[in-house]
1. Step by step: first the residues of the range 4-29, then only those that are of a type in the set (Ser, Thr, Tyr) and either in the same structural domain as Val132 (by TED's automatic domain parsing) or assigned to a helix (DSSP H, G or I) (or both), then the one that is farthest from Ser59 (Cα to Cα). Which residue is that?
2. Can you name the residue in the range 188-226 that is more than 16 Å from the ligand (Cβ to nearest atom) and part of a helix (DSSP H, G or I) and, of all such residues, is surrounded by the fewest Cβ atoms within 10 Å (Cβ to Cβ)?
3. Kindly list, by first and then second residue, each pair from a residue in the range 282-302 that is among the charged types (D, E, K, R) to a residue that is more than 10 Å from the ligand (Cβ to nearest atom) and modelled with pLDDT of 90 or more, limited to pairs with Cβ atoms under 6 Å and residues at least 6 apart or on different chains.
4. Among the listed residues Leu136, Leu142, Leu120, which satisfies the condition of being open to solvent by 10 Å² or more (accessible area, probe 1.4 Å) and away from the ligand (no atom under 16 Å from the Cβ)?
Amino acid sequence: MNLYQMTLEDLEKYFESIGEKKFKALQVYEWLYQKKKTDVDEFTNLKKELREKLKEDFSFKRPEIIKREIDKDVQKFLFLLEDGEKIEAVLMEHNYGLSVCVSSQVGCNMGCAFCESGRLKKVRNLKVHEMVLQVLTIEELLEREIHSVVIMGIGEPLDNYDNVMQFIKIINHPKGLAIGARHITLSTCGIIPKIKELSHLGIQINLAISLHAPNDELRSKLMPINKAYPLKELMSTLKEYIALTHRRVTMEYILLQGVNDGESHAHELATLLRGMNAYVNLIPYNETNHLEFKKSSKERIDRFFNILKQEKINVTIRREFGSKISAACGQLRSKEV
Ligand code: SAH
């Protein structure tokens with residue numbers, strides 16, 4: 001077992017199971033996440049014996065950063081995992097602080113037509129520590145605190161539900177990385193049963209839905225998941241989610257020139273969302289090897305935005321980050337090619 005996959009409660013149980021006091025768990029957590037020590041022998045408030053026991057019982061292996069690309073306010077990190085697979089994480093500098101975009105799977109099975117990350121089918125889920133260490137390693141490297149985490153890298157987080165929830169617990173814990181729940185955003189293509197589960201957890205994270213189309217016909221063409229979980233059910237699930245969590249949901253909408261960015265689409269989207277505690281985040285498309293899709297022109301983006309405004313829908317346009325180093329949404333890959 002890797003030490004970085006343990007919640008504080010897991011560690012407390014571990015210490016109790018070996019006849020130790022459970023407050024040791026808190027001490028270990030402080031070394032790992034606050035003092036950021038990577039060598040157990042530096043955990044000086046633990047007896048030598050106990051340090052040896054930890055070394056026997058846990059693995060401390062970390063994904064290794066094998067490439068780092070920097071472009072102004074964005075950096076991309078390529079991580080090598082224990083089994084030779086590779087994933088990417090992206091660091092963004094906002095005016096309010098640093099944000100890390102983490103991957104949740106190697107590859108992705110969702111097959112969205114416009115997305116680069118899904119070109120490699122899912123190889124496996126990321127383990128808890130592989131997600132925790134994307135954030136922690138970057139934080140250590142920069143020696144600056146990470147303000148927020150978005151689970152928007154490679155993979156569908158709700159297709160790796162248990163590990164992602166455990167990851168969130170660890171980074172959110174005040175004695176862990178202490179990233180506030182409201183600074184954690186999970187983005188999903190809309191796996192309804194898991195959204196339902198999430199709505200009962202009582203955590204305050206932000207939920208973002210990759211919507212990208214205002215009707216089933218178009219959405220099913222762009223996102224195969226829509227055939228399993230069509231819009232009507234998705235919308236009623238989200239209304240239930242909002243009622244239970246009292247949280248606003250973000251609707252991500254990539255603007256694809258001539259595909260989903262027309263005036264009628266904007267009106268249709270407004271009708272779909274009317275009365276819902278949701279806001280739309282319009283995403284200028286980052287061009288990929290899916291050559292059939294083009295970024296909408298500035299005029300079309302502005303027109304779409306203005307229609308939503310007139311329709312009294314809350315809307316923002318996502319700031320563009322990192323397309324030069326292919327670190328932008330939908331450009332991350334599992335395999336370096
Ligand atoms: N699987 C999850 C998490 C990935 S999030 C999800 O679908 O939400 C990545 C976000 O970037 C999603 O909203 C995705 O639809 C969007 N995206 C994918 N390809 C893109 C591209 N080329 N340009 C802009 N956004 C893209």
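1. So in the range 4-29, the residues of a type in the set (Ser, Thr, Tyr) come out as 4, 7, 14, 17, 29.
Subset that is either in the same structural domain as Val132 (by TED's automatic domain parsing) or assigned to a helix (DSSP H, G or I) (or both): 4, 14, 17, 29.
On the way: Tyr4: 9, Tyr14: 14, Ser17: 18, Tyr29: 15 Å.
The qualifying residue farthest from Ser59 (Cα to Cα) is Ser17.
2. Taking the range 188-226 first, the residues more than 16 Å from the ligand (Cβ to nearest atom) are 196-197, 199-204, 215-217.
Retained after the next criterion (residues that are part of a helix (DSSP H, G or I)): 196-197, 199, 216-217.
On the way: Lys196: 13, Glu197: 13, Ser199: 19, Asp216: 14, Glu217: 9.
Restricting to residues being more than 16 Å from the ligand (Cβ to nearest atom) and part of a helix (DSSP H, G or I), the top hit is Glu217.
3. Lys294/Gln257; Arg300/Asp261
4. On the way: Leu136 fails: open to solvent by 10 Å² or more (accessible area, probe 1.4 Å); Leu120 fails: away from the ligand (no atom under 16 Å from the Cβ).
When all the criteria are applied, what remains is Leu142.
Residues checked against (1) of a type in the set (S, T, N, Q); (2) open to solvent by 60 Å² or more (accessible area, probe 1.4 Å); (3) more than 26 Å from Ile65 (Cβ to Cβ); (4) away from the ligand (no atom under 16 Å from the Cβ):
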| site | (1), (2), (3), (4) |
| --- | --- |
| Arg274 | no, yes, yes, yes |
| Tyr279 | no, no, yes, no |
| Leu291 | no, yes, yes, no |
| Glu299 | no, yes, yes, yes |
| Gln310 | yes, yes, yes, yes |
| Leu332 | no, no, no, no |
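The values are calculated or read from the model by the stated rules, or taken from the named source; none is laboratory data. Please read these numbers as outputs of a predicted model, since none were measured by experiment. For neighbour counting, all protein chains shown are included, and Cβ atoms are generated from backbone atoms with ideal geometry for every residue, glycine included. Quick note on the areas: whole protein, heavy atoms, side chains included, nothing else; ligands and nucleic acids left out. Shrake-Rupley method; radii C 1.70, N 1.55, O 1.52, S 1.80 Å.
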